[in-house]
Amino acid sequence: MSLRQLSLLGMAALSWASPLMVRDDPVCYPQTMPIGQAVSTCPHKTALDSDGHCTSGISTMPGDNGCDSYCEQTLEAIYGREVPFHVGVCQNATTCLVANGEAVTYTNTYTVDVGLKRKRDDLIEQRGESSLADILTAAFNIGASYSWSKSVAYTTTTTFSKTLDGATCGYWTFIPYLTISCGVLSEAATSTMGAGYYGTSTLTTCDTSSITDTQHYCNTTPYYDENNHADGVVVFVYADCTTGIPSKTGQAAAYNYPGVSSQEAPA
C-alpha cells in the first residue's frame, strides 16, 4: 500500500507549528490550558442560583432549549482525531511542503449527550422538535464556553516545510483542539393550562418552582475562534517509506495523545 493511500487513513510528527492567533483574553484558550486537565477558572456565561439550579436560561415558555438550561462548571482541552493534509504526503529525498492557505475540515465524532432518563416526549411533540438532541444542544449552548459544532474548518496561515533525507518519509497533519464542557443541566417541569389566546386553546409554560438537575453533564466539541475557524497544531508524521506505517518513536507529543492517530481506535 502506498504512503499516499495510507495518508487517507491518517498518521503524525516531530515538527509542529504554532496554531492561530491567541484570543485577547486567553484564559480559556486551549493553548494556555493544561491538555487533559479540567479547569474551573474560566468565565461562566451562566451561573447556578442559590439552590444550585441552572435556571438563568429558562424562559416562561419553552424555547429552542425547551425548559432546559446549562451552567458550565469545568472546561477541559484535549487533542482530537488528526486530519492529514492530502497535499502534504511525501516520499524520501524530497522537500515536504504544505502551503499557506491549505484547508482541512474536522468533523466532530462526538454527539450531544441525550442519555437522560427524563420523559420529554410530550413537549417534543408539541413543539415539533426533530429530536431530543435539538433541545439539549440549544440548552448546552446557553452556558458552554464553546457551542457544540458538528464540523469546523482549519486553514493554514503559514507554510510548513520539511526537507527529507533518503531514508525519511511522512506527511503533514492537523490535530484539532477539542473542549470538554461539564456542568449542571437543569430542566423545569412543564405546565399546560387553558389559554384561549395565542391562536391555541392551551398554553405550555416552564415551571421553575419544579427543577430536576443532571449533575456532571458533559459534551465534547471542537474549539473554534471568533471567526468560527478550528485551531490546533500542525505536525509532521514520520512513516516507514515502504509500508507507510507511522514510526513508533520520534513523533510529536500531540500525535502521541490517546485517540489522535487514525491508526488507533478513538479515545
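Could you list the chymotrypsin sites (Phe, Trp or Tyr not before Pro) in region 157-216 that lie in coil according to DSSP, counting only those with at most 10 other Cβ atoms within 10 Å of their Cβ?
Of the chymotrypsin sites (Phe, Trp or Tyr not before Pro), the ones in loops of region 157-216 whose Cβ has at most 10 other Cβ atoms within 10 Å are Y198.
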Phi-based couplings in Hz for region 254-261 (Karplus 6.51, -1.76, 1.60; Gly and Pro marked x): 4, 5, 7, 5, x, x, 6, 5
- request: Work out the FRET efficiency for T111 and I245 from their Cβ-Cβ distance, taking R0 = 30 Å, and round it to the nearest 0.05.
  value: 0.45
- line: Between A253 and I180, Cβ-based FRET efficiency (R0 25 Å, step 0.05) works out to 0.85
field: Gained length - T159 relative to N228, 0.36 nm times residue gap less alpha-carbon distance
entry: 22.7 nm
- line: Subtracting the Cα-Cα distance of A47 and T60 from 0.36 nm times their residue separation yields 2.9 nm
field: Model label zone, A103; criterion: amide N under 17 Å from point 7 Å along Cα-to-beta-carbon; scope region 216-246
entry: 224-232
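Just so you know, all these numbers are worked out from the coordinates, no wet-lab data involved. Please read all numbers here as calculations on a predicted model, not as lab measurements. Note: ideal-geometry Cβ built from the backbone for every residue, glycine included; neighbour counts use all protein chains shown.
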